[in-house]
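Asks: Structure below; questions to follow.
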Amino acid sequence: MHAIASGEFSHMIKPWEPWWHSPSVKKIALNKDGNRVVQLIDEMDDNNSFEVPPPLDTPLPQLSQLTCKPPSPLLGLHLIDILYSYCFTARFYNGDWSYDAFDAAKVCLSLSHVLGLSASPETVSEALSGCVETTCSPLFKSIGGFNFALTLLDDTITLLYSGRCGVICALSELHRMFEKAAKDGKQGDRKNISKSIMQRKSKLSKDKVSFSLDLKKACKKVFFLLSWTNEQFEATFSSLALLVEAEKTQIAETHKSMVFESRKKALSCNSQRTFVEEVG
C-alpha cells in the first residue's frame with residue numbers, strides 16, 4: 001500500500017491517450033437532436049470507432065422546453081470551466097472513472113466552481129483561475145502542478161475546436177458519470193441503512209446527503225448545457241477556444257514572471273548572508 005501511495009507502480013500503468021486527440025473525433029456525426037447518426041460499418045475506423053464516448057441515448061430537448069428565459073450569454077464561460085474539470089477527471093482516472101464514479105464525481109466537483117460552488121464567472125480568467133489554482137494545490141500534488149494545468153488548458157482548447165459534436169460527447173460522458181455516482185451513492189446509502197439498523201443507528205451523514213444534492217444539481221446543469229451546446233454554431237466553440245488560448249498565454253507569462261522574481265529574491269537574500277565572520 002505504501003508503494004502504491006508513493007507511485008512506485010506507476011510505470012506499470014499504460015498511459016491513457018485522451019480520446020479528444022484521436023482522429024476519430026473528426027468522424028463524429030450527430031444529428032440535429034444530438035444523437036449519433038447511423039454509419040455503415042465499412043465507413044468506420046476499426047481502430048478508433050469505439051474510443052469516443054457516445055452521446056446520450058435520448059434526443060436532446062430544445063432550450064425553450066427547459067426554460068422560458070433566454071439563455072445567459074455567460075454559458076460559454078461555464079462550459080470552459082466544466083470542460084477543464086472533465087479533462088482533469090478523465091486524466092486523473094486514466095480514462096476509466098467507471099470503477100469509482102462516486103469519487104470521480106467528487107474530484108470533478110472539487111475542480112469545477114460552476115458545478116461544485118454554483119459560481120457564475122463573467123470572464124475567461126474567472127472561469128479558469130479557480131480550476132488552475134485547484135490543480136496546483138496540495139490537494140492534487142501527486143498529479144497536479146503548473147505544467148499539468150497547462151496540459152489541461154490544451155485539452156480544453158482541443159475539445160472546443162472539436163466543435164458541437166465533440167463537446168456533446170464530452171458532456172454526455174460527464175452526465176453519465178454523475179448519474180452513476182448518484183446511483184452508486186444510493187446503493188451505498190441502502191447498505192449503510194441496513195448496517196445502521198443492526199447497530200441501531202438510523203441517520204446518514206450530513207455531508208453525504210449534501211453531496212447527493214450537489215450531484216443532482218450537476219446533472220441538471222450538464223444536461224442544460226448539452227441542449228445549449230446542441231443549438232450553437234461551430235463558430236461559438238472556435239471563438240471560445242481562442243479565448244482560452246489567449247488566457248493560457250497570459251497565465252504562462254504571469255507564472256514565468258513570478259518564478260523569475262522568486263529566484264531573483266532568493267539570490268538577493270543569499271548574497272546578503274554573511275558566511276564567514278572574522279573574529280578580532
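The values are calculated or read from the model by the stated rules, or taken from the named source; none is laboratory data. All values derive from a computational prediction rather than experimental measurement. Positions of Cβ are backbone-derived with ideal geometry, glycine not excepted, and every protein chain shown enters the neighbour counts. These area figures cover heavy atoms from the full protein model, side chains too; ligands, DNA and RNA do not enter into them. Shrake-Rupley method; radii C 1.70, N 1.55, O 1.52, S 1.80 Å.
Asks: Any idea what the alpha-carbon Rg over 2.2 N^0.38 Å comes to for the stretch 78-129?
Replies: The value comes to 1.14.
Asks: Provide the FRET efficiency to the nearest 0.05 for the Asn94-Ser137 pair, computing r from the beta carbons and using R0 = 25 Å.
Replies: 0.75
Asks: Hey, another quick one. For Gln62 and Glu231 in the same chain, what is the full-extension length gain: residue separation times 0.36 nm, less their Cα-Cα distance, in nm? Intermediate values should be presented prior to the final figure.
Replies: Details: separation 169, 0.36 × 169 = 60.84 nm, distance 0.78 nm.
Length difference between fully extended and current span is 60.1 nm.
Asks: Would you calculate the separation in nanometres between label points at Lys69 and Lys220, each defined as 7 Å from the Cα along the Cα-to-beta-carbon direction?
Replies: For Lys69 paired with Lys220, the spin-label model returns 1.2 nm.
Asks: Could you order Ser210, Ser85 so the one with the most accessible surface comes first? Probe is 1.4 Å. Walk me through the intermediate numbers first.
Replies: Working: Ser210 55, Ser85 0 Å².
Highest to lowest solvent-accessible surface, that is Ser210, Ser85.
Asks: Around Pro55, under 13 Å between beta carbons, what's the net of Lys plus Arg minus Asp minus Glu among the other residues?
Replies: Neighbourhood net charge equals +1.
Asks: For all pairs of alpha-carbon atoms in the stretch 140-182, what percent lies in each bin of width 10 Å, listed from the first bin to the last filled one?
Replies: Using 10 Å bins, I get a P(r) of 25, 33, 39, 2 for the stretch 140-182.
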